[in-house]
Each structure stands twice: as structure tokens, then as C-alpha cells.
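No lab work stands behind these numbers, since they all come straight from the coordinates. Because the structure is predicted, anything quoted here is derived from the model rather than measured. Cβ placement follows ideal geometry from the backbone for every residue including glycine, while neighbour counts extend to all protein chains displayed.
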Amino acid sequence: MLQVEIHKDLAVKLFTFMAMDLMQITGYAAALLTMVSNIPQAFKIIRTKDTKSVSAVTYSLLLAGLILWVIYGCMRSDVPLIVCNSVSALFCGMVLFLKLTPAKVVTQIHNTINDKNQ
């Protein structure tokens, strides 16, 4: 009977460990995707110099939500939550900045980047 209990306890611990690993992997994958999700939009704006299809309201709300996630992460002392949402907020803020910036400035940014790449 004791041997069955030991095996059962070991199986429960192993399953819990595997579930925690899967949970952490899922969390890190979600954080990574969230972090990089705004990068293509920022590059597209710089490359095309066009912000007409970008919604300032949507990006404002997203930025506010990301800032609240950072605050929540600080309250919980959750470093991955703080870092991931801070980086996401940075890129989201960059897209919002490009949206709200006059076309002349976006063109200057575009030309500066293109000059450095040549």
C-alpha cells in the first residue's frame, strides 16, 4: 500500500511540474507575441509613410491597457509581466507617435533610415 502511495504522489508531482512548465511556456509565448505585434505596423508606417489605416483611438486604448498591465505587474512584483508589457507599450507608443506626427516628420524619419541603410 505504501508503494502505491509513493507512486501516486510521484505521478501527481510530475504532472504538476509538467503543467507548470506548459503554463510558463504558454505565458512566455503569449508575452513574446504581444511584444512583437506592433513592430510590423511601425516598420510599415516608416516604409510607406502612410498612417491613414491606423486608428489613433485603438492604439490609445491599447497603450492605456498596456500601461495598466505594467502597473499591475509592479503591484504583484511580476518581472516578466512588467518587462513584456513595457516593451509592448514602447512599440505601441511608437506606432501612436507616428500616427499623430505630421507627415513631414514621418517622411524625415523614413529618409533618415533609408540614408543609413544605403
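Among residues other than ASN38 whose Cβ falls under 14 Å from its Cβ, what is the net charge (Lys/Arg +1, Asp/Glu -1)? Each step should come with its number before you reach the end.
Numbers: positive: LYS44, LYS99; negative: none.
Spelling it out: positives minus negatives among the neighbours equals +2.
Take the Cα radius of gyration of the stretch 36-95 and divide it by 2.2 N^0.38 Å, with N its residue count; two decimals is plenty.
Working: Rg = 12.8 Å, N = 60, 2.2 N^0.38 = 10.4 Å.
In units of the 2.2 N^0.38 Å rule of thumb, it is 1.23.
Ordered by residue, what ³J(HN,Hα) values in Hz, to whole numbers, does the stretch 30-42 give under the Karplus form 6.51 cos²θ - 1.76 cosθ + 1.60, where θ = phi - 60° and Gly and Pro are x?
Once θ is set to phi - 60°, the couplings for the stretch 30-42 become 4, 5, 4, 5, 5, 4, 8, 5, 8, 5, x, 5, 4 Hz.
With θ set to phi - 60°, apply the Karplus curve 6.51 cos²θ - 1.76 cosθ + 1.60 along the stretch 103-108 and write out the HN-Hα couplings as whole Hz, x wherever there is a Gly or Pro.
For the stretch 103-108, the Karplus-derived couplings read 4, 4, 5, 4, 5, 4 Hz, x marking Gly and Pro.
Using modelled amide H (1.01 Å from N, peptide plane; none on Pro or chain starts), what sits under 5 Å from the amide H of THR51, excluding residues fewer than 5 places away?
none
Would you kindly derive the ³J(HN,Hα) couplings of the stretch 94-99 from the backbone phi angles with the Karplus curve 6.51 cos²θ - 1.76 cosθ + 1.60 (θ = phi - 60°), listing them in order in whole Hz, with x for Gly and Pro?
Coupling constants for the stretch 94-99: 5, 5, 5, 4, 5, 5 Hz.
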